[in-house]
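Engineer: Got a structure for you, written out below as structure tokens; questions coming shortly.
The values are calculated or read from the model by the stated rules, or taken from the named source; none is laboratory data. If you're wondering where the values come from, they're calculated on a predicted model, not measured in any experiment. Cβ placement follows ideal geometry from the backbone for every residue including glycine, while neighbour counts extend to all protein chains displayed. When the accessible area is computed, the model is the full protein with side chains, heavy atoms only, and any ligands, DNA or RNA have been set aside. Shrake-Rupley method; radii C 1.70, N 1.55, O 1.52, S 1.80 Å.
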Amino acid sequence: MSENILEIRNLHATVDGTEILKGLTLTLPAGEVHAMMGPNGSGKSTLSYVLAGREGYEVTAGEISYKGQDLLALAPDERAQAGIFLAFQYPVEIPGVANSVFLKAAVNAQRRARGEVELDAMDFLKRAKAELAALEMDQEFLSRPINVGFSGGEKKRNEVFQMAMLEPTLAVLDETDSGLDIDALRVVADGVNRLRAPDRSMLVITHYQRLLNHIVPDHIHVLAKGRIVASGGKELALELEEKGYAAFTGEKSAA
Amino acid sequence: MNETAPETATTAQAHLRAFDGLRPALPGAGLDWVEALRTDALGRFEDAGLPNRRLEDWKFTTLAALDRVAFAPGTQAAVTPDAPLPELSPAAARLVFVDGRFDESLSEIYAPADGVTVTTLVTALAKDASALEGQLSRASDPAGALWDLNAAFMADGAVIRLADGAALDQPVHLIFFSSGAANRANHIRNVIALGAGARANVVETYISATDTLGPGFTSAVTDIALADGAALIHARVQDESLRTVHAARAVVSVGGEAEYAGFALALGGEVSRQETDIAFTAPGGRARLMGAYLGRGRQLLDHTTRVDHAVPHCTTEELFKGVLDERAHGVFQGLIRVAPHAIGTDARQRNQALLLSERAVADTKPELEILADDVKCAHGATVGDLDADALFYLMARGVPEAEARRLLIAGFAGDVIERFDRGAVGAYLSDCVARWQDRGTGDGHA
Ligand SMILES: Nc1ncnc2c1ncn2[C@@H]1O[C@H](COP(=O)(O)OP(=O)(O)OP(=O)(O)O)[C@@H](O)[C@H]1O
Ligand SMILES: [Mg+2]
């Protein structure tokens, strides 16, 4: 399958009237994992929010096609139902709503949208427990309110757990490695690798080469000032590690 | 010149007129102390009249509905409930009162326990009136004309007493059903007394007929005395029809190292006022006062709390949460008084309201009177819309907006319920909130 899951062409986007993305072009073929690196504030999370459809992130020019469809015409819930998943850089804490209640609502909303039968409580629990075990997470996570009181690492694991349950077609992981200890990094990376499939694509945003030893990308892109300034194979990450971003952004390193 | 307007009777007038005729049929008739208590209360009521908005305590909440309709007390239950009664399980007992009168056929005591008495005010006053004298008289201390009216006309209610060390692990469920027929006023008086170290759970649910024709007035006072080391979990669910005026008061004395945990849930009613009065009587007492108010249409839902830290080293934790849609109006008033010698007091109070519509209103009035040094007191109030980040997070997982909003609202109220109780009582409160959500706007709830 050489079909592209995601095609972004000349994307310009503003946040509160400030242009953050300034002509970003990116193609993500089916089955591939692409990494995106770039300095703080370069627009990586902005891109992830634009893909997920967050309010206040306005596309002023360019287009995004997802499986040949105009992504920008869809509301956030419709995008998720169509198979887009964003692992948040900063997962939101929601007191009073149990993880299991939320995730069951999400799984079944997606199944409904695809015309599949909904999971009953038993089937849901069985699947959830299996995925939790694979991610070495305690089952009491299910009854806890969403992300409330979770450590940084637990929040990131919870994102990967949700991703595993929702089996997206396009997963965008925004710094899912930050805040993870070395063992957790391996567990989470294994979780992500298990999801690699010929009909599934991933965009992995990270600052660290270390993650890319575990999740080996097909391509690496460097984002700076709202534009992709370099693309290459996995050796690009090593080069970045060595030289810093300055060589790619044409600026002096801040350090 | 002066034309006399046709006289529309008010609730106050209807009660004053009914008193002498009704009196022989009220419990405790013929007992001097009960008669005196009723007469004194009626006298104070006659002097003061029902509270109006010129009183500081009633700044936000109007009882004008009681002037528009002449609600009158009665003796007979008008109807049997036409709706399924709410289920709380497991429960130790269920006592059902219809239009303020005990209905034995609908009631059941599942698991009587040693040292535990569960009965009615009518029976208790007939069998062993002296045991009630202290507490009944106490709650009739002047607390405002609204409560004087209750003292003058109290007709029935539950009496729950636990001996020292006795325990009721499963809740006692008290259900008060009002028919709303014939502009009926129901005056309910419950008495709860826990001996030293005793523990109990009590839930009161107030509901109305689904096809009620007329408006109703419910007045309910629950008098609670906790001896040293006793612990009570006490929830009050107000889910009456939207044509009901509901006025309820819990008056609680908390002994040394005793703990009162109270939850007041307001869902129904045209006007609802739920008061809680706490008096610590010995050091080391704890009060956890929590509640939620969920309103739509033009409902007015008022929670008023007064906590008297008259002794040292007592703790108060208050948390109330409101969800107000359409033109609903929520009121929270919280008075915390710390006496000069009440050192080591720790009192915290929070009220959080969600406004789901531009026309909804939330009023908060905290009042801290701190006359002691070396105390920790804090209060806070927030008013806002649903958290946009949380809404986006849920939608980004595929949950449609309407369902996401529903989850967040349930979660907002669920948070305070969870902090209150994670057992059968908490589960029951969550069910009540879910039923409120299912009713939706427009409201099939008569
Ligand atoms: N509401 C806003 N108004 C104006 N500028 C904003 C707003 N929100 C974000 N920005 C700016 O957009 C830029 C891009 O932010 P973004 O979060 O996309 O960066 P990032 O590449 O993900 O950075 P990091 O590596 O630190 O996570 C930043 O300069 C940020 O300050
Ligand atoms: Mg970022």
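Engineer: Report the residue count in segment B:274-290 for those that are surrounded by fewer than 24 Cβ atoms within 10 Å (Cβ to Cβ) and under 27 Å from B:A209 (Cβ atoms).
Structural biologist: So the count comes out to 1.
Engineer: Restricting to segment A:65-93, and then to whatever is within 16 Å of ligand 1 (Cβ to nearest atom) and aliphatic (A, V, I, L, M), can you tell me which residue is surrounded by the fewest Cβ atoms within 10 Å (Cβ to Cβ)? Outline the logic, then answer.
Structural biologist: Of the residues in segment A:65-93, the ones within 16 Å of ligand 1 (Cβ to nearest atom) are A:86-92.
Of the ones still in play, those that are also aliphatic (A, V, I, L, M) are A:86-87, A:92.
Values: A:L86: 28, A:A87: 26, A:V92: 18.
Checking each candidate, the answer is A:V92.
Engineer: With (1) open to solvent by 20 Å² or more (accessible area, probe 1.4 Å); (2) within 16 Å of ligand 1 (Cβ to nearest atom); (3) out of contact with any Gly (no Cβ under 8 Å at 6 or more places or on another chain); (4) more than 21 Å from A:T249 (Cβ to Cβ) as the list, and A:G179 as the residue in question, which single condition is left unmet?
Structural biologist: The number of the failed condition is (3).
Engineer: Which of the residues spanning segment A:82-100 are over 12 Å from the mean Cα position of the chain (by Cα) and within 7 Å of chain B (Cβ to nearest Cβ)?
Structural biologist: The answer is A:V92, A:I94, A:P95, A:G96, A:V97.
Engineer: When A:Y57 is evaluated against the numbered criteria (1) within 15 Å of ligand 2 (Cβ to nearest atom); (2) closer than 30 Å to B:V416 by Cβ; (3) of a type in the set (F, W, Y), which criterion, by number, is the only one it fails?
Structural biologist: Condition (2) is where A:Y57 drops out.
Engineer: Moving to a separate point now. For residues that are near ligand 1 (Cβ under 9 Å from one of its atoms) and in a strand (DSSP E or B), scanning just segment A:5-35, find the one that is farthest from the chain's Cα centre (by Cα). Talk me through it step by step, then tell me what you get.
Structural biologist: We begin by selecting, within segment A:5-35, every residue near ligand 1 (Cβ under 9 Å from one of its atoms); these are A:14-18, A:20-21.
Filter again for in a strand (DSSP E or B), leaving A:14-15, A:18, A:20-21.
Values: A:T14: 20, A:V15: 20, A:T18: 23, A:I20: 19, A:L21: 18 Å.
Filtering first and then ranking leaves A:T18.
Engineer: Answer yes or no: is there a residue in segment A:49-60 that is crowded, with 16+ Cβ neighbours inside 10 Å and more than 16 Å from ligand 1 (Cβ to nearest atom).
Structural biologist: Looking through segment A:49-60, none of the residues is crowded, with 16+ Cβ neighbours inside 10 Å and more than 16 Å from ligand 1 (Cβ to nearest atom).
Engineer: For segment A:54-81, enumerate the residues that are in a strand (DSSP E or B) and either without any contact (Cβ under 8 Å) to a residue 40 or more places away in the chain or facing chain B (nearest Cβ under 8 Å) (or both). First the steps, then the outcome.
Structural biologist: Start the filter on segment A:54-81 by keeping residues that are in a strand (DSSP E or B), which leaves A:57-66, A:69-70.
Within segment A:54-81, A:Q69, A:D70 meet the criteria.
Engineer: Further question on the same structure: Among the residues of segment B:424-446, is there at least one that is facing chain A (nearest Cβ under 9 Å), touching a helix residue (DSSP H, G or I) at 6+ places or on another chain (Cβ under 7 Å) and open to solvent by less than 50 Å² (accessible area, probe 1.4 Å)? Quick ask: steps written out before the conclusion?
Structural biologist: So in segment B:424-446, the residues facing chain A (nearest Cβ under 9 Å) come out as none.
No, the conditions are met nowhere in segment B:424-446.
Engineer: Here's a follow-up. Restricting to segment A:31-48, name every residue that is open to solvent by 10 Å² or more (accessible area, probe 1.4 Å) and more than 13 Å from ligand 2 (Cβ to nearest atom).
Structural biologist: A:G31, A:E32
Engineer: Do we find that A:S143 is more than 16 Å from ligand 2 (Cβ to nearest atom), within 14 Å of chain B (Cβ to nearest Cβ), among the hydroxyl-bearing types (S, T, Y) and open to solvent by less than 60 Å² (accessible area, probe 1.4 Å) in this structure? If you could, list the steps in order and put the result at the bottom.
Structural biologist: On the way: more than 16 Å from ligand 2 (Cβ to nearest atom): yes; within 14 Å of chain B (Cβ to nearest Cβ): yes; among the hydroxyl-bearing types (S, T, Y): yes; open to solvent by less than 60 Å² (accessible area, probe 1.4 Å): no.
Taking the combined requirement at face value, the residue does not satisfy it.
Engineer: In segment B:91-109, how many are of a type in the set (D, E, K, R) and at pLDDT below 90? Explain how you work it out, then say what you get.
Structural biologist: The initial filter retains those residues of segment B:91-109 that are of a type in the set (D, E, K, R), namely B:94, B:99, B:101, B:103-104, B:108.
With the extra rule that they be at pLDDT below 90, the set shrinks to none.
Qualifying residue count, segment B:91-109: 0.
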